[in-house]
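This report refers to the structure that appears directly beneath it.
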2 protein chains.
Amino acid sequence: MLLHDESKPKMSSNDPFPRINRRALVSTLAVLPALCGTLLPISAPAQTVTQGGALPSWNEGPAKQAIVDFVRATVDRSSPSYVSPEERVATFDQDGTLWVEHPMYTQVVYCLERVPAVVAKKPELKNAEPFKTVLSGNREAMAKLTLRDLEKILFATLTGMPVEEFNAEVKTWIETARDHRWKRPYTELVYQPMLEVMRHLRDNTYKTYIVTGGGQDFVRVYAEKVYGVPPEQVVGTAGATKYAYGKDGKPFLTKEPKLLLNDNNAGKAEGIHLMIGRRPTAAFGNSGGDREMLEWTGAGSGARLKMLVLHDDAAREYAYGPAQGLPNSKVGTFTQALYDEAKKNGWTVISMKNDWKRIFAFE
Amino acid sequence: MLLHDESKPKMSSNDPFPRINRRALVSTLAVLPALCGTLLPISAPAQTVTQGGALPSWNEGPAKQAIVDFVRATVDRSSPSYVSPEERVATFDQDGTLWVEHPMYTQVVYCLERVPAVVAKKPELKNAEPFKTVLSGNREAMAKLTLRDLEKILFATLTGMPVEEFNAEVKTWIETARDHRWKRPYTELVYQPMLEVMRHLRDNTYKTYIVTGGGQDFVRVYAEKVYGVPPEQVVGTAGATKYAYGKDGKPFLTKEPKLLLNDNNAGKAEGIHLMIGRRPTAAFGNSGGDREMLEWTGAGSGARLKMLVLHDDAAREYAYGPAQGLPNSKVGTFTQALYDEAKKNGWTVISMKNDWKRIFAFE
């Protein structure tokens, strides 16, 4: 799930781009290639399992119980639901499932904030639209940017450079940028309860994958450090690269503006087949963009865990989707229709408000 | 590396399709989508490390020494060449590097042998070319098939069906088909010394990947059983799939005739970026199609192992490429030009004749 103009949380004063057409941004972002994670310094996952069980940030309830029961049943050799270790694959959407997606996808914020640096390298863009408007900082004017304008910004900031250069840019940005509500690095806006689920699964020899509509290369830059998920286990929207030789004779790969995998909706099931080649045993999402991933997971035989995060906590995070009684929508949000499908298919809905003792590690 | 009409080993009497245009087949195969490995029964790798060290099928010599030295240096924390465990990535070409590719890629044999089954399902093809000719078994006529004919055969046998159906077909075939020289399953025509290298690397916490010009889905069906490489570590030529719902409401993926990744030449470096997101520390190939993979591997800092298998053993396997003094070629074979590049870049050439005590486990 990326952005959603259906939702109207009370965040307008903190919203840097309040009137940008977010639905257009969703569509555009989905068409964007990605980068690469080879520059990432490797470190242990940020979170550790604390005393008080594997899921200390979860309240007792059906959601926590579903996770605990599923893991116990699938790793117990005497259980009819036993899953062999190599088939223990768990996939997680990122935006809205592992970290905050509201009011704007972090990767879109990155693209907008990268514009000054792109213009510094290509001064001819300084007086060309849409770059001129973004540079002006005039929110009224930025709110009027068209889909085509936004596409230009995204292509200029996500493609055309060697993958290692792009990785370095993202790494620098992700370490220094701050969000507008909590004034913290975006990588601190990850949901502590979900980190605990990932760790609990890995402790039981599940392989955890991120399957995101966001850029595969973008997410790979920080996924190992933030989620404990190595680059080879990040599946995302991905573009072509092009192999060529530098003046020194060394080969390098350039990010091309050509889409290979739109890892949203049906693309998530297709991307899982392409990049993993196994059907997940467990899948976690929060939006219509994750629907096919959960369906694909559920269509396998044996025990399968399918969970959807519901954003119903306006005080601690945001409330949108069915929690707000919003109408159904055709874009990738958590709509009433998705909520109904979850009930029908036995997917477990996670209420942020009721199921999570705390949302963030910094609380 | 796939096929090579430059080479003329003395195998014509055992060659089922002696005059088919193999270069055309190479090009065509490279444009073909792949299947999926989820039906594969999981089992331990076929080979085990026997007494006498990690590489018992290798003769003492510079090739064995290069492998032993590289592994020792990169896992020793006190070594200047130390590589952290998560960066221990080794990539292996398949055809000609891990198993026999001569006189025809196994996947092409599969496609030709699948024709009767395809026609049984679509009787309208029985009297249509090129299927009629393949069904006739007339080698004279088959040798005259055009590139376009062969494309039709490959598309008919590799696309258009649900991935699980295709996996099942490949699994059945690979268990029952026999090659024409040794009269054995193709999966026994794997090089025992290379299995030992893979095992030795894994024993030292290297992750072993197959990076093949062959179909990703095709190879995934047997890679875990034959090489100990799980589906998620097989990178190959891959096509799009399409998500849809069956009459029972269950989703399924259909293999589409649309190429996503041509995993040959530069496509191998691009595919490694797409599917792994890390630069390999070690890479093994045997042909011009592996050149960029070895260059990409070698362009990283620190210790890197780059090896090329030279087919110079006409008695125990085949001799072709520079071993036969053949001229340079533009297709993906081990040419004199590649041999020269190997020497220049410090890549280690493995002589099958001199470096390998035995070629196959059944010897």
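Take the Cα pairs of segment A:219-363, get the Kirkwood Rh, then feed it into Stokes-Einstein at 37 °C and 0.692 mPa s and tell me D in µm²/s. Could you put the intermediate results ahead of the total?
Working: Rh = 17.5 Å.
Diffusion coefficient, whole number: 188 µm²/s.
Kindly rank A:213-219, B:144-150 from highest to lowest mean number of other beta carbons found within 10 Å of each residue.
Working: A:213-219: 29.0, B:144-150: 16.4.
So the order, starting with the most tightly packed, is A:213-219, B:144-150.
Each Cα pair under 8 Å and six or more residues apart adds its separation to the average, and for segment A:78-153 the resulting relative contact order is 21 percent. Put a plus charge on the Cβ of each Lys and Arg, a minus charge on the Cβ of each Asp and Glu, and nothing anywhere else: the dipole of segment B:84-228 about its Cα centre is then about 460 debye.
Considering every residue in B:62-69, what mean count of other chain Cβ atoms within 10 Å of its Cβ is obtained? If you can, show how the numbers build up before the last one.
On the way: counts 0, 0, 0, 0, 0, 0, 0, 0.
Average neighbour count from other chains, rounded to a whole number: 0.
Counting from the shortest, the label point at residue A:247, 7 Å from Cα toward Cβ, is 6.7 nm from the same position in each remaining copy. What are the aspartates and glutamates whose alpha-carbon lies under 12 Å from the alpha-carbon of residue A:64, with same-chain residues fewer than 8 places away excluded? Answer for residue A:64, where 12 Å is the Cα cut-off: A:196, A:355, listed by chain and number. Legend: P(r) of segment B:267-308 from all alpha carbon pair distances, 5 Å bins from 0, whole percents, reading 6, 27, 35, 24, 8.
Averaged over residues, the count of other Cβ atoms within 10 Å places the peptides B:103-112, B:299-308 in the sequence B:103-112, B:299-308, highest first. Relative to the current alpha-carbon distance between residue B:60 and residue B:314, full extension at 0.36 nm per residue lengthens the span by 89.3 nm. Between residue B:78 and residue B:337, the modelled label-to-label distance comes to 4.7 nm, taking each label 7 Å out from Cα in the direction of the beta carbon. Across segment B:196-247, C-alpha contacts under 8 Å between residues 6 or more apart give a mean separation that, scaled by the residue count, equals a relative contact order of 35 percent.
Only alpha carbons enter this Debye calculation for segment B:110-269, each as an equal point scatterer, and the log10 of I(q)/I(0) it gives at q = 0.10, 0.17, 0.19 Å⁻¹ is -0.46, -1.20, -1.37.
Remind me, relative contact order of segment A:268-319 in percent, using alpha carbon pairs under 8 angstrom and six or more residues apart?
Working: 59 pairs, mean separation 16.4, N = 52.
Dividing the mean separation by the residue count of segment A:268-319 yields 32 percent.
Using protein heavy atoms only (no ligands, DNA or RNA), what is the total accessible area buried between A and B, 1.4 Å probe, nearest 100 Å²? Spell out each step's value before the answer.
On the way: alone 15430 and 15400 Å², together 27170 Å².
Accessible area lost upon association: around 3700 Å².
Entry comment: accessible area of segment A:43-199 is 42 Å² per residue, from protein heavy atoms only and a probe of 1.4 Å.
For residue B:309, the residues whose modelled amide H falls within less than 5 Å of its own, excluding neighbours fewer than 5 places apart on the same chain, are B:285, B:286, B:350. The mean number of partner chain beta-carbon atoms within 10 angstrom of a residue's beta-carbon across peptide B:241-252 is 4.
Annotation: amide H-H contacts under 5 Å for residue A:318 (H modelled 1.01 Å from N, sequence separation of 5 or more, or interchain): A:313.
Taking each residue of B:289-301 in turn, how many C-beta atoms of other protein chains fall within 10 Å of its C-beta, and what is the average?
2
Computed from the Cβ-Cβ distance with R0 of 30 Å, the FRET efficiency linking residue B:126 to residue B:175 stands at 0.65.
Quickly rank B:245-255, A:277-287, A:192-202 as a protection proxy: mean count of other C-beta atoms within 10 Å, highest first. Spell out each step's value before the answer.
On the way: B:245-255: 14.0, A:277-287: 26.6, A:192-202: 21.8.
Going by the mean number of other Cβ atoms within 10 Å, highest first, we get A:277-287, A:192-202, B:245-255.
By its C-alpha gyration tensor, with a ≥ b ≥ c as the square roots of the eigenvalues, how is segment B:175-279 shaped: rounded for a/c under 1.5, else prolate for a/b larger than b/c, else oblate? In terms of gyration-tensor shape, oblate.
The values are calculated or read from the model by the stated rules, or taken from the named source; none is laboratory data. Small disclaimer: the values here were computed from a predicted structure and weren't measured. Note that we place each Cβ from the backbone using ideal geometry, even for glycine, and neighbour counts take in every protein chain shown. The area values use the complete protein model at the heavy-atom level, side chains included, leaving out ligands, DNA and RNA. Shrake-Rupley method; radii C 1.70, N 1.55, O 1.52, S 1.80 Å.
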